[in-house]
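The values are calculated or read from the model by the stated rules, or taken from the named source; none is laboratory data. Note that the structure is a prediction, hence the values are computed from the model and not measured. All Cβ positions, even for glycine, are placed from backbone atoms using ideal geometry, and neighbour counts span all protein chains on display.
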C-alpha cells in the first residue's frame, strides 16, 4: 500500500516545483489538481497530464508539445498562443477554453469537448478532431487544413468562409452551422448532417456527400457541380440558383425543396423523390430523372430538353411553359399534370400514363405517342415507307386492345375475406406497413412470419403479433438498407427445410433478400458478387443466411449474419423478388435443400426505354431474368455451392447457377404440395401480357423475344405481334395461362389451395393482379403445356357484402396485392398498403362452378 502514497508525494513535489520553476518536462502529473494556477509560459513539453484538473488554469504561451492531456479538464482554461503541437487531448474537456492563436498541429483531439471554446486563429493543420464536439464555436480565421474531421460536431458553429477542401467530414454534425461561402470542394461528407445549415454561396464541387442530410438547409447560389449526392436528403431545402450541373442525385430526397432557377443540366436524379419540389425556370437539359417521383412538383418554364423522364411520376405536376423538346417520357405518369403551353416537340410519350385532356393545350409536334392516344388527339400516324417487297411479309400486328378475346369473369365461386391482424405500422404515412410476403417455418408451431419491406419480419402467433420482431434488419444494417422505392427493401425470406432438424447443417437456418446502397460493411465475409450489366448501379440485392437464436425461437441471432451473394442492380425494379425451397422434395432427394432464387431483368426496358437493351434476359452468363438454384450452405470458403444436376453445369458460356431463364420478372413461384408437384411461376409482363408458367429445368421462357404467346416488337415496346408459323423451332416454353392488360397490369403469384377450411377452393391455384387487387383462380389440373387454361375471378365478400379488395381496403386506388401461406395450407391475403393480414373463409351456401 506504500506505492500510491509515494506517488502522491512525488506528484506533490512536482507540483510545487512547477509553481516555482514553471518547468516540468516529461514529468508525470496525471490526475494532478492544477486548477486556477498561473502557468503562463511554462514548459510542460511531453508531460503526462492525463486526467489532470486544469480548470481555469492560465497556460498562455506555455510549451505543451507532445504533452498527454487525454481526459484532462481544461474548462475555461487560457491557452492563448500555447504550443500543443502533437499533444494528446483525446476526450479532454475544453468547454469555454481560450485557444486563440494556439498551435495544435498534428494534435490528437478525438472526442474532446470544445463547446463554446474560443479558437479564432487556432492552427489545426494535420490534427485529428474525429468525434470532437465544437458546437456553437467561433472558428473564424482558424486553419483546418488537412484536419481529420470524421464525426465532428460543428452544430451551430460559425464556419463562414472556411476551407474544407479534400477533408473527410463523414458523419459530421453541421446542423444549423453558418457555412456561407465555405469551400467543400472534393470534401467527403458521407452521412454528414447539415440540416438547417446556411450554405449559401458555398462550394461543394466534386464533393462526396452520399446519404448526407441537408433538410431545410439554405444552399442559395451554392455550387455543387459533379458532387455525389446520392441518397442525400434535401427535404425543404432552398437551392435557388444553385449549380448542380453533372451532380449525382440518384435516390435523393428533394421533397418540397426549392430549386427554382437552379442548374441541373446533365445531372442524374434516377429514383429521386421530389414530391412538391419547385423547379421553376430551372435548367434540366440532358438530365436523367428515370423513375423519379416528381408528383406535384412545379416545372413551370423549366428547360428540360432531351431529359430522360422514363417511368417518372409526374402526377399532378405543373409543366406549364416547360420545354421538353426531345425528352424521353416513356411510361411516365402524366395524369392530371398541367401542360398548358408545354413543348413536347419530338418527345417520346409512348407507354406514358396520360389522357387526351392532359395534353389538350400542349405542343406535340413530332412527338411519339401510342396509337390510341394519337387517335384521341386526331393525329395521323406516320407510315414507314416499304423499302422492298419484304414489307408485305412482315408479322401481322396483334390488336392491342383485344390480345386475348376471352375475358376473365367473376363466377359463383365466392369466399369471405376476413381480417386477421394488423401489422404494427413502420410509418406514420400511407402505406403504414409494406407487407410483401407471409409464410411459415414448417416446425409445427403454427406461427406465421410476415415481411414489412421497411426492414422487419414479424411473428404472428395465435392471431397476435409478437411485440418483438423475428428480425429487424433495419436496426442491424441501418446505414445500408434501402427501401425508398416500391420494389426495394426487405422483400422475401425462406426457411431451410432442415430448420427443425437438430444436427443437420441447415438446422435453424433462415434466408432473406434485401436491397442496400454501397459496398458490404467492412469485416463481412465475402459473398459471391454479380456485377451490373451496365456502369450504373442503383442498389445491390443481398442474400443473407441467418441462424435462429438458440434461446429464443421467436428471434434471429443478429450476430449469425452471413452474406451468401450480392447482385448489383442497374435500375430500381425487377430485382430478386422470390426465394423458396421446394416443399415437395424429400430428404435424400436431389432437390432437397436447394434454394430457388427469382431474379428479374433489372428493370432494363422500363428505364432504358428500349426492349431489354442489355439483352440480359437471354444472356446465360448473367443471373438477370432467371431462376437460379443453389445449395445455400457454406462449403469452406465457398459461400454456397451449385448443384451438379443444374441444367447448365459444365457448359461453356453458361452461368451454372441458372436453372431456367428468359423471364422478365418472376415475381412468385410455388409448388403444388397436393400430388401434382407442379412448380407454377408468375412472370410480370411488359405492357401486354401477364403469364403463368410451369417450371422446367433449362427452359427458355422467351423474354425479351416473347411476351406471353406473342412476339415482342423491339422497335415499339408497347406493341406485340402474332407468333410466326415456324415458331416451334425457337423452343420457347410458353405460359399455360395468361391474361392481357385489359384485365390488369401486373400479375402476382400465389399457391395451390390444399387447406381444409375452404373445401371448394381445393386444387385451385389462387393468384391475382397486383394493382387492381382482383383475385383469380385456375384448377391446377388444367395447367398443361401447350394449352391455355381458363382463368376465373373469385367473388369476394366482406362483412356480409360483396366487395372488391380495393373497396375492402377503404377505397384505395391500387392494392399492391400479395399472397401468403400457413403450415395448414390456408392462403392469406396481404397488401403493401394497409398493413392488414386477411384470409379466406367459406360462405354458407357456397356454390362451386367446377
- Note on the structure: If we ask which residues in the stretch 338-347 are out of contact with any helix residue (DSSP H, G or I) (no Cβ under 9 Å at 6 or more places or on another chain) and crowded, with 24+ Cβ neighbours inside 10 Å, their number turns out to be 1
- Message: Being modelled with pLDDT under 95, over 26 Å from the mean Cα position of the chain (by Cα), more than 30 Å from residue 428 (Cα to Cα) and not in a strand (DSSP E or B) is true for just one of 755, 742. Which residue is that?
- Response: 742
- Item | Qualifying position, being within 15 Å of residue 626 (Cα to Cα) and not in a strand (DSSP E or B), among 687, 696 | 696
- Could you tell me whether any residue of the stretch 147-157 is surrounded by fewer than 18 Cβ atoms within 10 Å (Cβ to Cβ), touching a strand residue (DSSP E or B) at 6+ places or on another chain (Cβ under 8 Å) and over 20 Å from residue 222 (Cβ atoms)? no
- Within the bounds of the stretch 609-629, is there any residue that is in contact with a helix residue (DSSP H, G or I) (Cβ under 8 Å, 6 or more places away or on another chain), at pLDDT 95 or above and outside any loop (DSSP other than H, G, I, E, B)? no
- Message: Quick check on my filter: what residues within the stretch 239-250 are crowded, with 24+ Cβ neighbours inside 10 Å and without any contact (Cβ under 8 Å) to a residue 24 or more places away in the chain?
- Response: 239, 242, 244, 247, 249
- Residue among 728, 704 that is part of a helix (DSSP H, G or I) and at pLDDT below 95: 728
- Query: residue 125 passes all but one of (1) at positive phi; (2) surrounded by fewer than 21 Cβ atoms within 10 Å (Cβ to Cβ); which number fails?
  - Reply: (1)
- For the stretch 673-682, does any single residue satisfy the condition of being within 30 Å of the chain's Cα centre (by Cα), in contact (Cβ under 8 Å) with a residue 40 or more places away in the chain and assigned to a loop (DSSP other than H, G, I, E, B)? no
- Query: For the stretch 249-280, which residues satisfy the criterion of being under 16 Å from the mean Cα position of the chain (by Cα) and over 16 Å from residue 297 (Cβ atoms)?
  - Reply: 250, 251
- Within the stretch 129-161, residues farther than 15 Å from residue 96 by Cβ and part of a strand (DSSP E or B) come out as 143, 148, 153, 158
- Message: So for the stretch 803-826 (the condition being touching a strand residue (DSSP E or B) at 6+ places or on another chain (Cβ under 9 Å), surrounded by fewer than 17 Cβ atoms within 10 Å (Cβ to Cβ), part of a strand (DSSP E or B) and in contact (Cβ under 8 Å) with a residue 12 or more places away in the chain), does at least one residue qualify?
- Response: no
- Note on the structure: From the option list 400, 407, single residue qualifying as modelled with pLDDT of 85 or more, within 39 Å of the chain's Cα centre (by Cα) and not assigned by TED's automatic domain parsing to the domain that holds residue 709 is 407
- Kindly indicate which of 394, 387, 441 is in contact with a strand residue (DSSP E or B) (Cβ under 9 Å, 6 or more places away or on another chain) and modelled with pLDDT under 95. 394
- Of the residues 236, 196, 191, which is within 24 Å of the chain's Cα centre (by Cα), modelled with pLDDT of 95 or more and surrounded by fewer than 23 Cβ atoms within 10 Å (Cβ to Cβ)? 236
- buried (at least 17 other Cβ atoms within 10 Å of the Cβ), in contact (Cβ under 8 Å) with a residue 24 or more places away in the chain and either outside the structural domain of residue 417 (by TED's automatic domain parsing) or in contact with a strand residue (DSSP E or B) (Cβ under 6 Å, 6 or more places away or on another chain) (or both), is that true of residue 789? yes
- Item | Sole residue being outside the structural domain of residue 517 (by TED's automatic domain parsing), in contact with a helix residue (DSSP H, G or I) (Cβ under 7 Å, 6 or more places away or on another chain), part of a loop (DSSP other than H, G, I, E, B) and surrounded by fewer than 24 Cβ atoms within 10 Å (Cβ to Cβ), chosen from 350, 285, 296, 335 | 335
